[in-house]
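Structure first, then comments.
What follows is calculated from the coordinates using simple rules that are stated; it is not laboratory data. From a predicted model like this one, the values you see are computed outputs, not experimental measurements. Cβ sites come from the backbone with ideal geometry, for glycine too, and all protein chains shown count toward neighbours.
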Amino acid sequence: SILPIDDIDVFSGTLITDWYSLPSQPSEQIKLAVFVLDKELRSDAIRVVVYVQSRKGDVWQDAGIDSELAIRLEDLILTRARELRASSVTQ
């Protein structure tokens, strides 16, 4: 909820954020690409890619992909989706 959204495509199930720097790490910024691959709440139904850039002086340079953070975000998204589904079933 803190990352600025750059693009959402509901037909392909894609969400792209804009670059965002955490206050605790101002010389690093991340950008997320979230792909919803299936309607089922399974681990292979969602894919997150976390792009990382580091600031060198006044220039942002690509620093690769953070696979560990991507996996944690996938788990968080699936957990929240399961919570939402469970609450809608009980209502």
Under the rule of -39500 (n - 2.57) per DSSP H run of 4 or more residues, summed and divided by the residues of the chain, what mean residue ellipticity at 222 nm is obtained, to the nearest 500 deg cm²/dmol?
-9500 deg cm²/dmol
R42-F11 pseudo-label distance in nm [points 7 Å out on the Cα-to-Cβ vector]
2.6 nm
Whole-Hz ³J(HN,Hα) for each residue in the stretch 73-81, computed from phi via Karplus 6.51 cos²θ - 1.76 cosθ + 1.60 with θ = phi - 60°, x for glycine and proline: what do you get?
5, 4, 4, 5, 5, 5, 4, 5, 5
What are the ³J(HN,Hα) values, in whole Hz, obtained from phi via the Karplus relation 6.51 cos²θ - 1.76 cosθ + 1.60 with θ = phi - 60°, for each residue of the stretch 5-14 in sequence order, with x given for Gly and Pro?
7, 9, 7, 10, 10, 5, 6, 9, x, 10
With only alpha-carbon pairs counted, each pair once and no self-pairs, how large is the Kirkwood hydrodynamic radius of the chain in angstroms?
14.5 Å
Please report, in debye to the nearest 20, how large the charge dipole of the stretch 20-60 is about its Cα centre when each Lys and Arg carries +1 at its beta carbon and each Asp and Glu carries -1 there.
60 debye
The alpha-carbon center of the stretch 59-76 and that of the stretch 16-46 are separated, in whole Å, by 7 Å
